[in-house]
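Below is one structure, written out as structure tokens; the observations come after it.
The values are calculated or read from the model by the stated rules, or taken from the named source; none is laboratory data. Please read these numbers as outputs of a predicted model, since none were measured by experiment. Backbone-built Cβ (ideal geometry, glycine too); neighbour counts: all protein chains shown. Just the protein is used for accessible areas: all its heavy atoms, side chains included, with ligands, DNA and RNA removed. Shrake-Rupley method; radii C 1.70, N 1.55, O 1.52, S 1.80 Å.
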Amino acid sequence: MENVKPRSNGWYALPVFLGWIGGLIAYFILRRDDPRKAKNCLYLGIILGIVGLILNIIIIAQMPEFTPSFNANI
């Protein structure tokens, strides 16, 4: 096993607040020192990004302004 330096759990805050971009940033910073935590940060960012996208789609679908009405005034 490589020489692994344990890093702070505070790195998980980056993907929580910045989504998949924060996960990528944390991954590239941590990949040599703590590869397991780097992968976990990347996965967390991807998962939270997908969950956020799904929630946005659900919320937009519930808004009446964004539903098609097809009222053509000719």
Worksheet entry | Residue count, region 1-11 (criterion: assigned to a helix (DSSP H, G or I) and farther than 26 Å from N56 by Cβ) | 2
Discussion item. Yes or no: region 12-23 includes at least one residue that is surrounded by 10 or more Cβ atoms within 10 Å (Cβ to Cβ) and in a loop (DSSP other than H, G, I, E, B).
Written reply: no
Practice prompt. Kindly indicate the residue of region 24-56 that is touching a Lys or Arg at 6+ places or on another chain (Cβ under 8 Å) and outside any helix (DSSP H, G or I) and also most open to solvent (accessible area, probe 1.4 Å) among those meeting that condition.
Written response: D33
